[in-house]
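Here is the structure we will look at, set down as structure tokens.
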Amino acid sequence: MKKYLITIAAIGLLSVLSLTAQKKDEKVEKKFKEYEFSDLKILPHTSVKNQASSGTCWSFSGLSMLESEIIRTKGDTVDLSAMWVVRNIYKDKVEKYVRMHKEVNLAAGGSFADVIHASVRYGFVPEQSYRGLNYGSDRHNHNELDRFVKSAGDILVDTRKLSPGWNLAIDAILDAYLGKVPETFIYKGAEYTPQSFAKYCGLNFDDYVSITSFTHHPFYSSFILEIPDNWIYAPSFNVPMDELMAIVDNAIDRGYTVAWGADVSEGTFSRDRATVFDQKKSEEIGSDQAKWTRTKEKTTVEYLPVEKEITQEMRQLAFDNYETTDDHGMQIVGTAKDLITGQIFFKVKNSWGVGGKYNGYLYVSRAYVQYKTINIVVHKDAIPENIKVKFNSCGSCL
């Protein structure tokens, strides 16, 4: 009986000790060590812009990549008008919306293909000649504009019979909010039209290709990427994830920036950095040290972030489950190193103004790019030759 009572007492003591340990655990706060980024290679690019309250990241980022290309090929730094592109694309969208009886997306969003399409069809205009601010503000705000355009498109389809001046009505809406399009303008003392200015900039728009990486289409073929904002039905070339990353790496190494379309809905995406960390593995690092350094007072335990290992299957599943969607367009302008972990990050130019810790830039981990990239657009010379050969052998000429 005594032995039995001693056993019960021991069990009780262990329970008390366990609860005490648990209370101590609750006083331990875990958090990441801060990253310390050091830029490695930054390619020439124009200044950070602010899309403000407009869904036009695709125009700002697509043009930003082309601006870097003008610097690379011509040595001229020119800020191109994002709203010039937006205005022309909006009109083309309405026409397709009407022709397709509403069976296509009519919204503020777009794709990098829109920028190429508008540049080929309508030319370029410098920002100084067309700011697209015709509503008493120095910041873009398209809340009314987007609704008016969508409503006008619906009205046109619902009438079942187009009047001769229907397209003039769309022009009037766009003129009211963005301003009338300039027929000519002055740049560095010379007069240009939008078409002649595009020739001055000297880009061959056939040189720019969209690359993606999904398994629901064969690799080394092209397909129309199934995202709502691809209203223009632009094709993308399909490669395995590792080769997508090889293209990005080769582009930066050879002096080409990258237009990057990505999902930014992850909780680990912020205006300063984007990672895909493995919570469990991260917390395990340094856990033994934490065990022996706990005190009765609240303790903060810092641990190093560990990135998840991304696979092709993870990419596909996230896309199929709508966890990876075409949220946001940005420009990859270079690389950086985190001095804490030794990880290599991409430096990305955003279009949310110059705020934040890095004045409008953010640092994005390789795992995030692997996992959350919808597509990229690069100059075709940025693609390694061994990847080009695979396309050519499959009948898809790059």
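The values are calculated or read from the model by the stated rules, or taken from the named source; none is laboratory data. A quick note: this is a predicted structure, and the numbers were derived from the prediction, not measured. Because the Cβ atoms are built from the backbone with ideal geometry, glycine has one as well, and the counts that use them run over all protein chains shown.
Residues in segment 117-165 that are farther than 27 Å from Glu67 by Cα, in contact (Cβ under 8 Å) with a residue 24 or more places away in the chain, part of a helix (DSSP H, G or I) and not basic (Lys, Arg): Asn143, Glu144, Phe148, Val149, Ala152, Gly153, Asp154, Leu156, Val157. Filtering segment 171-183 for residues that are touching a strand residue (DSSP E or B) at 6+ places or on another chain (Cβ under 6 Å) and closer than 28 Å to Leu80 by Cα leaves an empty set. Taking segment 357-387 as the range and being surrounded by 19 or more Cβ atoms within 10 Å (Cβ to Cβ) and assigned to a helix (DSSP H, G or I) as the test, the residues that pass are Arg366, Ala367, Tyr368, Val369, Gln370, Tyr371, Lys372, Ala382, Ile387.
Selection of segment 299-322 for residues being outside any helix (DSSP H, G or I), farther than 26 Å from Tyr35 by Cα and either touching a Lys or Arg at 6+ places or on another chain (Cβ under 9 Å) or of a type in the set (Phe, Trp, Tyr) (or both) yields only Tyr322. From the list Asn134, Asn167, Asn141, pick out the single residue that is at pLDDT 95 or above and surrounded by 10 or more Cβ atoms within 10 Å (Cβ to Cβ). From the options Asn134, Asn167, Asn141, the qualifying one is Asn141.
All conditions in (1) surrounded by 20 or more Cβ atoms within 10 Å (Cβ to Cβ); (2) assigned to a helix (DSSP H, G or I) hold for Gly109, with the sole exception of (2).
As a summary of the residue check, Asn230 satisfies the conditions (1) of a type outside the set (Lys, Arg); (2) surrounded by 15 or more Cβ atoms within 10 Å (Cβ to Cβ); (3) modelled with pLDDT under 95 except for the one numbered (3).
Please verify whether segment 202-209 includes one or more residues that are farther than 30 Å from Leu317 by Cβ, buried (at least 16 other Cβ atoms within 10 Å of the Cβ) and more than 28 Å from the chain's Cα centre (by Cα). Steps first, please.
Initially, segment 202-209 is screened for residues farther than 30 Å from Leu317 by Cβ, giving 202-207.
In the following step, the residues that additionally are buried (at least 16 other Cβ atoms within 10 Å of the Cβ) were identified as 203.
After this cut, where a residue has to be more than 28 Å from the chain's Cα centre (by Cα) as well, the list is none.
No: zero hits.
Evaluate segment 314-335: report whether one residue or more is out of contact with any helix residue (DSSP H, G or I) (no Cβ under 9 Å at 6 or more places or on another chain), among the aromatic types (Phe, Trp, Tyr) and at pLDDT below 95. Looking through segment 314-335, none of the residues is out of contact with any helix residue (DSSP H, G or I) (no Cβ under 9 Å at 6 or more places or on another chain), among the aromatic types (Phe, Trp, Tyr) and at pLDDT below 95.
Go through segment 71-88 and give me each residue that's within 16 Å of Ala118 (Cβ to Cβ) and either outside any loop (DSSP other than H, G, I, E, B) or in contact with a His (Cβ under 6 Å, 6 or more places away or on another chain) (or both). Matches in segment 71-88: Leu80, Ala82, Met83, Trp84, Val85, Val86, Arg87, Asn88. Annotation: of all residues in segment 219-256 being small (Gly, Ala, Ser) and outside any strand (DSSP E or B), the one that is nearest to Asn105 (Cα to Cα) is Ala234.
In segment 336-347, the qualifying residues are those that are in contact with a helix residue (DSSP H, G or I) (Cβ under 8 Å, 6 or more places away or on another chain) and surrounded by fewer than 24 Cβ atoms within 10 Å (Cβ to Cβ), and the one that is nearest to Tyr361 (Cα to Cα) is Phe346. For segment 187-207, residues that are without any contact (Cβ under 8 Å) to a residue 40 or more places away in the chain and in contact with a Ser or Thr (Cβ under 6 Å, 6 or more places away or on another chain) total 1. Total residues in segment 300-339 satisfying the condition of being touching a strand residue (DSSP E or B) at 6+ places or on another chain (Cβ under 8 Å) and free of Cβ contacts under 8 Å to residues at least 60 places away in the same chain: the figure is 1. If you filter segment 323-356 down to residues that are part of a strand (DSSP E or B) and among the aliphatic types (A, V, I, L, M), you find that the one that is nearest to Gly55 (Cα to Cα) is Met330.
Working only within segment 176-192, note down all residues that are surrounded by 14 or more Cβ atoms within 10 Å (Cβ to Cβ) and either under 29 Å from the mean Cα position of the chain (by Cα) or among the hydrophobic types (A, V, I, L, M, F, W, C) (or both).
Answer for segment 176-192, where residues must be surrounded by 14 or more Cβ atoms within 10 Å (Cβ to Cβ) and either under 29 Å from the mean Cα position of the chain (by Cα) or among the hydrophobic types (A, V, I, L, M, F, W, C) (or both): Ala176, Tyr177, Leu178, Gly179, Val181, Phe185.
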